[in-house]
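Visitor: Before I ask anything, here is the structure I am working with.
Each value in this text was obtained by applying a stated rule to the coordinates, not by laboratory testing. Being a predicted model, the structure only gives us computed values, none of them experimental. Every residue, glycine among them, receives a Cβ derived from its backbone with ideal geometry; neighbour counts consider all protein chains shown.
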C-alpha cells in the first residue's frame, strides 16, 4: 500500500486549520479516514513534517544468499 501523496497531506492539514473545521468533515471531504487526519495532525505537531514514515522494509527473506544461489544453479 502506497502512502498518501504529500500534496494530499498538505491540503488535508490546511483544511483542518480553517475556522470551524472538524476532522470528520475534512476526512469526508478528501475521502480519507478520520484516523488518518488525526494521525497526520499528531505527526505534524510532534515532528513538524507531513511526510510519511519511511518504509519498514517488509518481511525478512526465507532463503539465505547461499541457499538462493544454490537454488538458482539447481533450476
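Visitor: Report the residue, chosen from 60, 21, 51, that carries the largest GNM mean-square fluctuation when the chain is represented by alpha-carbon nodes joined by springs under 10 Å.
Guide: 60
Visitor: A further question follows. Rounded to the nearest 10 degrees, what's the angle between the helix 6-16 long axis and the longest principal axis of the chain, both from Cα atoms, 0 to 90?
Guide: Between the helix axis and the principal axis of the chain, the angle is about 30 degrees.
Visitor: Sorted from fewest to most neighbouring beta carbons within 10 Å, what does the list 72, 32, 26 look like?
Guide: Working: 72 8, 32 16, 26 23.
Neighbour counts put them in this order, fewest first: 72, 32, 26.
Visitor: Further question on the same structure: Roughly how tilted is helix 34-47, in degrees to the nearest 10 and between 0 and 90, from the longest Cα axis of the chain?
Guide: Roughly 90 degrees between the two axes.
Visitor: Residues of region 10-37 with amide nitrogen under 18 Å from the 7 Å Cα-to-Cβ point of residue 47?
Guide: Taking a point 7 Å out along Cα→Cβ of residue 47, the residues of region 10-37 whose backbone N falls under 18 Å are 10-14, 35-37.
Visitor: In the Gaussian network model of the chain, springs joining C-alpha atoms below 10 Å, which of 55, 27, 13 carries the largest mean-square fluctuation?
Guide: With Cα springs under 10 Å in the chain, the top fluctuation among 55, 27, 13 is at 55.
Visitor: So I have (i) 1.16; (ii) 1.10; (iii) 1.33, and one of them is Rg/Rh (Cα atoms, Kirkwood Rh) calculated from this model. Which one is it?
Guide: (iii)
Visitor: Let me have the relative contact order for the chain, percent, based on Cα pairs under 8 Å that are six or more residues apart. Mind dumping the intermediate values first?
Guide: Values: 34 pairs, mean separation 20.6, N = 75.
Relative contact order comes out at 27 percent.
Visitor: Using a 10 angstrom cutoff on alpha carbons, build the Gaussian network for the chain and name the most mobile of 64, 35, 49.
Guide: 64
Visitor: Do the sum for the chain: with -39,500 (n - 2.57) for every DSSP H run of n ≥ 4, divided by all residues, what is the mean residue ellipticity at 222 nm, to the nearest 500 deg cm²/dmol?
Guide: One gets -17000 deg cm²/dmol as the mean residue ellipticity at 222 nm.
Visitor: Could you state the angle between the C-alpha long axis of helix 65-74 and the longest principal axis of the C-alpha atoms of the chain, as a value from 0 to 90 degrees rounded to the nearest 10?
Guide: 60
Visitor: Further question: As an exercise, use a Förster radius of 30 Å and the Cβ-Cβ distance of residue 18 and residue 56 to find the FRET efficiency, rounded to the nearest 0.05. Working shown, then result.
Guide: Numbers: r = 33 Å, r/R0 = 1.11.
FRET efficiency, residue 18 to residue 56: 0.35.
Visitor: So what's the gap between the Cα centers of region 53-75 and region 7-40, to the nearest angstrom?
Guide: Region 53-75 and region 7-40 have Cα centres separated by 40 Å.
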